[in-house]
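A.B. asks: Structure in structure tokens, see below.
The values are calculated or read from the model by the stated rules, or taken from the named source; none is laboratory data. Not measured: the values here are computed from a predicted model. Ideal geometry is used to build each Cβ from the backbone, glycine not excepted, and the neighbour counts take in all protein chains shown.
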Amino acid sequence: MTEKYNAKLLFNLIVSKIELIYSKNEASQITKIYFEDALSIKQAQYLENDIWKELDKIKLENDIKLLENHCPIQYVCQKAYFLNNFFKVNNHTLIPRPETEELVILIDKYFKNNINLSVLDIGTGSGCIPISLKKMNPNWDISGLDISKEALKIANENANILDVNVTFFEYNILKNYTLNITKKFDIIVSNPPYVLNSEILKMNKNVLDYEPHNALFVSDENSLLFYENILKFNEKYLNSNGFVFFEINPIKSNQIKEMLELFHYSDIEMVEDFNNKIRFAKAKKQ
């Protein structure tokens, strides 16, 4: 069922509904994204009084209810913007963060002049890391793996939509260290779960109620579990003189550096993000 809506009045209505849970500026920004990404209504249109759009009434009402219930705008629109491209997302995949954009840029910066490299992303989610690297470096051989069948389905869809050839595997990094492939990689990258359970109280409802917890949180007692298992995996699948890149929890940076040293990595660098927090680790396998 469709109805015609005055774009400006509808914009103001949605802002008024969601500014009960967001600031007015945040509510306006979220509504702007919704209009452009979900309704295909540009700013010039929803600022004009005489622009009317025919919209699906039921879907519109459902979307507004989701926004009122703290659902992230990316899940409402079912897409997220990451490094100049839209990626399909749903509640089986994390919403890509700006920090992870920095991680991709960091890898591209270090290896931009290398024509042929093999890269593996562990815990790929929506596929934003390997797909973005492939867009930047078409000659690289790039793969991603994840434990979630549902996430891998989204990653494959994103690779098809963005017209890149990335291979995805279903794999549980905590279960074993044998992957059904024979090749090794020059770079292994991961943005694993690293938010401590003790930090949950600091998280917003839009994260806690909608994003997949198994891709976000780790126990305080075993907070480096994923990093340790990835480094064990690397013993078999990362080439000698190959590099590992991690996105990390800043409060665990010293322990991750110590773990890399324990596994005999060299050229270890701990890199700050745009908020001046140590967010990334880079190291070379001996």
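A.B. asks: Go through 266, 240, 223 for me and flag whichever is among the small types (Gly, Ala, Ser), touching a residue at least 24 places away in the same chain (Cβ under 8 Å) and farther than 27 Å from residue 151 by Cα. If you could, list the steps in order and put the result at the bottom.
C.D. replies: Details: 266 fails: touching a residue at least 24 places away in the same chain (Cβ under 8 Å); 223 fails: farther than 27 Å from residue 151 by Cα.
It is 240.
A.B. asks: Now for a different question. Just to be sure before I move on: is residue 252 buried (at least 16 other Cβ atoms within 10 Å of the Cβ), under 23 Å from the mean Cα position of the chain (by Cα) and either within 18 Å of residue 195 (Cα to Cα) or in contact (Cβ under 8 Å) with a residue 60 or more places away in the chain (or both) in the structure I sent?
C.D. replies: Working: buried (at least 16 other Cβ atoms within 10 Å of the Cβ): yes; under 23 Å from the mean Cα position of the chain (by Cα): yes; either within 18 Å of residue 195 (Cα to Cα) or in contact (Cβ under 8 Å) with a residue 60 or more places away in the chain (or both): yes.
It is true that residue 252 is buried (at least 16 other Cβ atoms within 10 Å of the Cβ), under 23 Å from the mean Cα position of the chain (by Cα) and either within 18 Å of residue 195 (Cα to Cα) or in contact (Cβ under 8 Å) with a residue 60 or more places away in the chain (or both).
A.B. asks: Could you tell me which of the residues 280, 185, 246 is surrounded by 15 or more Cβ atoms within 10 Å (Cβ to Cβ), closer than 24 Å to residue 131 by Cα, touching a Pro at 6+ places or on another chain (Cβ under 8 Å) and assigned by TED's automatic domain parsing to the domain that holds residue 126? Before the answer, list the steps.
C.D. replies: Numbers: 280 fails: touching a Pro at 6+ places or on another chain (Cβ under 8 Å); 185 fails: touching a Pro at 6+ places or on another chain (Cβ under 8 Å).
Result of the check over 280, 185, 246: 246.
A.B. asks: In this structure, is residue 32 under 30 Å from residue 132 (Cα atoms), basic (Lys, Arg) and surrounded by 14 or more Cβ atoms within 10 Å (Cβ to Cβ)?
C.D. replies: Yes.
A.B. asks: Considering only residues that are touching a Ser or Thr at 6+ places or on another chain (Cβ under 8 Å) and acidic (Asp, Glu), look in region 50-97 and name the one that is farthest from residue 204 (Cα to Cα).
C.D. replies: 54
A.B. asks: Would a scan of region 166-180 turn up a residue that is crowded, with 17+ Cβ neighbours inside 10 Å, in the same structural domain as residue 105 (by TED's automatic domain parsing) and within 27 Å of residue 76 (Cα to Cα)?
C.D. replies: Taking region 166-180 as the starting set, the residues that turn out to be crowded, with 17+ Cβ neighbours inside 10 Å are 166, 168, 171, 173.
With in the same structural domain as residue 105 (by TED's automatic domain parsing) added as a condition, the list becomes 166, 168, 171, 173.
Then drop every residue that is not within 27 Å of residue 76 (Cα to Cα), which leaves 166, 168.
Yes, the conditions are met somewhere in region 166-180.
A.B. asks: If we keep just the residues of region 119-151 that are among the polar types (S, T, N, Q) and assigned to a loop (DSSP other than H, G, I, E, B), which is nearest to residue 238 (Cα to Cα)?
C.D. replies: The initial filter retains those residues of region 119-151 that are among the polar types (S, T, N, Q), namely 124, 126, 132, 137, 139, 143, 148.
Imposing the further condition that a residue be assigned to a loop (DSSP other than H, G, I, E, B) reduces the set to 124, 126, 137, 139, 148.
On the way: 124: 17, 126: 23, 137: 20, 139: 19, 148: 23 Å.
Per the stated criteria, the residue is 124.
A.B. asks: Could you give me the residue pairs with C-beta distances under 8 Å whose first residue belongs to region 156-174 and is touching a residue at least 40 places away in the same chain (Cβ under 8 Å) and under 14 Å from residue 121 (Cβ atoms), whose second residue is outside any loop (DSSP other than H, G, I, E, B) and among the aromatic types (Phe, Trp, Tyr) wherever it lies, and which are 6+ apart or on separate chains?
C.D. replies: 158/87; 173/226; 173/233
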